[in-house]
1. Tell me which residues, restricted to segment B:87-143, are hydroxyl-bearing (Ser, Thr, Tyr), more than 21 Å from residue B:153 (Cβ to Cβ) and assigned to a helix (DSSP H, G or I).
2. Cβ-Cβ distance below 7 Å, separation of 6 or more or different chains: which pairs start in segment B:153-165 with a residue that is assigned by TED's automatic domain parsing to the domain that holds residue B:134 and end on one that is open to solvent by 20 Å² or more (accessible area, probe 1.4 Å) and hydroxyl-bearing (Ser, Thr, Tyr)?
3. Considering segment B:66-83 alone, what residues qualify as being without any contact (Cβ under 8 Å) to a residue 12 or more places away in the chain and either buried (at least 19 other Cβ atoms within 10 Å of the Cβ) or within 9 Å of chain A (Cβ to nearest Cβ) (or both)?
4. Here are the criteria: (1) more than 19 Å from the chain's Cα centre (by Cα); (2) among the hydrophobic types (A, V, I, L, M, F, W, C); (3) within 27 Å of residue A:183 (Cβ to Cβ). Tell me which single one residue A:73 does not satisfy.
5. For segment A:232-338, which strands (runs of 3 or more DSSP E) that fit wholly inside it have 3 or more residues that are β-branched (Val, Ile, Thr)?
6. Is at least one residue of segment B:84-98 open to solvent by less than 60 Å² (accessible area, probe 1.4 Å), in contact with a strand residue (DSSP E or B) (Cβ under 8 Å, 6 or more places away or on another chain) and touching a residue at least 60 places away in the same chain (Cβ under 8 Å)?
7. Looking at residue A:26, is it assigned by TED's automatic domain parsing to the domain that holds residue A:146 and at pLDDT below 85?
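The values are calculated or read from the model by the stated rules, or taken from the named source; none is laboratory data. In this text the structure is predicted, and so the values were computed from the model without any measurement. All Cβ positions, glycine included, derive from the backbone under ideal geometry; neighbour counts span all protein chains shown. Keep in mind that these areas ignore ligands, DNA and RNA; they rest on the heavy atoms of the full protein, side chains included. Shrake-Rupley method; radii C 1.70, N 1.55, O 1.52, S 1.80 Å.
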Amino acid sequence: MSTLAPPRPSPSPTGLRGPARVVVRQHRLVLWASVAFLVLGAAAMVGTRLLTDRFADQFAATGCSIEDTVHGCGDTVRSYLDDQYLLHTVQSWAGLAFLVLPVLVGAFTAGPLIARELETGTYKLAWSQSVTPARWLTAKLAVPAALLLAGLSVLTAAFTWARARTGSEYSIDWYDTPAFVTTGAAPVAYALLGLGVGALIGLLVRRTVAALSLAALATGAVITVLASVRSALWPLRTTVLGMSADDATITLPINPWVVRTGQFTSGGERLPVDVCWGMDVEAEQARCMADHHITGMFIDYHPASHFWPLQLVETGILLVLAALALTLAFRLLRRRHG
Amino acid sequence: MTGAAIEANGLGMTYGRKRGWALRDCSFRLPAGRICALVGPNGAGKSTLLALAAGLLRPTEGTVRVLGSTDRAEIRPRVAYVAQDKPLYPQLTVADTLWAGRELNPATWDADAADRIAAPLPRDAKVRTLSGGQRTRLALALALAKRPGLMLLDEPMADLDPLARHQLMGLLMAEAAEHSTTIVMSSHILTELEGACDYLLLVDGGRVRLGGESEDVVAAHALVTGQVRDLAPHTVIESRTTGRQLTALIRPDGPVDAAAWDVAEPSLEELLLAHLRSPDAPPLLTPSAHAREAVAAA
């Protein structure tokens, strides 16, 4: 390591100044590991896309098709689908990694980055140089933020490019959680949330292991809550299916995100879809429906065109939460230590 | 009149309501250019006082003016502080640590001083492998190379053997003399600092009990021995009777009756111990150690 550390003044290869350079040197190992992880992730994404293309081309050359497995195409089709499924699995894991990353960012920020300095007392060294605590915290957060911004931009682009091709056989549906957390600015927003929550908890808890665990839990909780309320982030559309023969057609767009289905009564009240299920005799079921005054069914759904509104609202919420956590962190630092 | 390196007014610090006051109602002044011994028993508030002056803590009440300013952002580059446990980044090498010092103090960094003081240290060794004495040397190198107007050193010599202590103290004094740096060094062992310091602050129970030029503080006291009798109007700090013989440390008010008493000058150590054994003795600040604002208000 020491060979990398010329003690004489030298132009910084990273173009960083002062505290940020010190942060880089302190956490060299983690930063290099993160860069390696991001590069590997991007390479894996590009790899799946290229492999998918190759498998599709090879399959097309055989003249077989998935719909038609006769004429000795059975094994070819099976093998093709196996390959496609494998690639889908890789992508699903990559999607999961996007979810785990903010948790790791939160844990690292809270524990090794901030609480460890407070726990071991090295903050006394840092703050008795010519750098204010606020600048110290800014540098601590700016370095990982810059790395995440750059790395995740590349990774998101690679993932989106890879996903665009494997739409055919097995794909991540637009309404699946991985679709939301891997698209647009959401990965960066999630990472910033981890950073903000980590900073706040690190300063509050001041003990490495406790801060690390708590920040991971808190970030994980935000991710879970957001996933469970996601469908409510943009107004739902409702389609209605009447009981009479004229109304008995459903008008749903292609590939909708069906959020809720149920029955409605003549009074406009909504009932679960299964109130009259499990009746043996049709007449009995009809009586049950009449008793409940059920006049039709409804489906609450998001059309595919709601993806971006939903996704942007989610990103916005994340950015607001991250900004809030960061503001609180800086205020706490200023109040305690000036 | 030279300016004040530190001027505290009604300074108080508590770490939480239940834990009481670490420091309370402290008012004193340390003139610039002095080498000051900050003495007191363990838990007296020495570390708190130094951390407040270094701007690491925000006082619960009162103010502390450092090098004429209360603006922490302005003070920070001009003050060096070495905490008691000599905090350093364990994963950095000696060279990295000095490099970080330059990065964090771009305006004032004296690379020659840093190299000179850290010269005996293995440059490529990680800080975590250094001995206590080596860590102290590195911490002092960082502090001195910052070229501060005021150095605050909390128990700087505590984990050094006598030889290293002597060596580093010499180094410190030489650097301080050359750049007329004010130094405050805390210790609970006075002998560690005696001889090096010309100013004294005794902190005990969260309060400043003695403050001023060492010589003046000593000169304000007398060790008297004689037959038991009233010592008024002098202030008695501590007295001990052996048979009909009385030995007392007093603050003379007017001339002491030389016919009745054997008068001697106490040693600094006798003086401090007497004060620590008598917590009710009134505080004494020489004129230079009085906070100016407090004087103006009085």
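1. If we filter segment B:87-143 for residues that are hydroxyl-bearing (Ser, Thr, Tyr), which is where we start, we get B:89, B:93, B:97, B:108, B:129, B:131, B:136.
Within this subset, residues satisfying the condition of being more than 21 Å from residue B:153 (Cβ to Cβ) are B:93, B:129.
B:129 - this is the single residue of segment B:87-143 that is hydroxyl-bearing (Ser, Thr, Tyr), more than 21 Å from residue B:153 (Cβ to Cβ) and assigned to a helix (DSSP H, G or I).
2. Sorted first by the residue in segment B:153-165, then by its partner, the pairs are B:154/B:47.
3. B:73
4. (3)
5. Numbers: elements: A:237-242, A:257-265, A:270-272, A:294-302.
Because the criterion is at least 3 residues that are β-branched (Val, Ile, Thr), the strands (runs of 3 or more DSSP E) in segment A:232-338 that meet it are A:237-242, A:257-265, A:294-302.
6. Checked against the condition, which is being open to solvent by less than 60 Å² (accessible area, probe 1.4 Å), in contact with a strand residue (DSSP E or B) (Cβ under 8 Å, 6 or more places away or on another chain) and touching a residue at least 60 places away in the same chain (Cβ under 8 Å), segment B:84-98 yields no hits at all.
7. Details: assigned by TED's automatic domain parsing to the domain that holds residue A:146: yes; at pLDDT below 85: no.
It is false that residue A:26 is assigned by TED's automatic domain parsing to the domain that holds residue A:146 and at pLDDT below 85.
Condition check ((1) in contact (Cβ under 8 Å) with a residue 60 or more places away in the chain; (2) under 13 Å from the mean Cα position of the chain (by Cα); (3) open to solvent by 40 Å² or more (accessible area, probe 1.4 Å); (4) outside the structural domain of residue A:78 (by TED's automatic domain parsing)) across all residues:
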residue: A:179; (1), (2), (3), (4): yes, yes, no, no
residue: A:182; (1), (2), (3), (4): yes, yes, no, no
residue: A:188; (1), (2), (3), (4): no, yes, no, no
residue: A:192; (1), (2), (3), (4): yes, yes, yes, no
residue: A:195; (1), (2), (3), (4): yes, no, no, no
residue: A:204; (1), (2), (3), (4): yes, no, yes, no
residue: A:207; (1), (2), (3), (4): yes, no, yes, no
residue: A:212; (1), (2), (3), (4): yes, no, yes, no
residue: A:217; (1), (2), (3), (4): no, no, yes, no
